[in-house]
Amino acid sequence: MLRTACAQLAAWRASGAVDVTFRASINLSPMQLTREGFAERVAAILDAHGVPPNAIELEITERSLMRSEHTVETNLNALRGLGLRLSLDDFGTGFSSLSYLRRFRFDVLKIDRSFVRDLIHDPEDGAITNAILSMSRALGLRVIAEGVETEAQRAYLCERGCELMQGYLFSRPIEASALAGLFGRALGPEGACAWTVTAPSAPPRHGAFLVESPLAA
């Protein structure tokens, strides 16, 4: 998926469909981070397509961090050394989220959809979401709320300073060719629009492009 995403991003940049501030956010599988030399292969793919490292954000789940921790840590440090951004996906669903934040240097936290789903009606989900937002601000991390499906959820998150969101409220998963036609759509001042892009043969969870609002950049 990384090779496909870089090729697509390079084509969009070359055609002028996106500018240099556009960033692609791509899911990594647990197995990829356990492979020795993975960071070097990532660097080769970026170089082959002429994509700068700061144009890529890699999404990593807690499950990925629990495997072969030494190799994973080596790869993550090397990826950060290249200049890529790192995002901790599905935050709050594992047992060691806080210890991972202390051990690994992430740029972004993604609030798991299980907390977003009922945050309007469930005080506990609302409290957890507010705590994640407050903690992230204190740590200098950006936050993306996953699974935003209603205007009420969007308004709740915007009121509490959540700059970035993704979910069916903005768009369902679509192909790259369809996404290109949406780049001209105006972004609201409160947050960001997000779309999921997949390769034709890949399930939606394999990759995503997130379009950030100017105020959140």
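Read-outs: derived from the displayed coordinates by stated rules, not from any lab. Note that the coordinates shown come from a computational prediction; the quantities given were computed from them, not determined experimentally. Cβ placement follows ideal geometry from the backbone for every residue including glycine, while neighbour counts extend to all protein chains displayed.
Using R0 = 35 Å, the C-beta based FRET efficiency linking ARG172 and SER29 works out to 0.95. Neighbours of ASP125 by Cβ distance under 12 Å: Lys/Arg scored +1, Asp/Glu scored -1, total -2. Listed from fewest to most Cβ neighbours within 10 Å, the set ASP47, ASP112 follows the order ASP47, ASP112.
Ordered by the number of other Cβ atoms lying within 10 Å of each residue's own Cβ, fewest first, MET165, MET31, MET1, MET66 fall into the sequence MET31, MET66, MET1, MET165. By the beta-carbon count within 10 Å of each Cβ, the least crowded to most crowded order of ILE174, ILE60, fewest first, is ILE174, ILE60.
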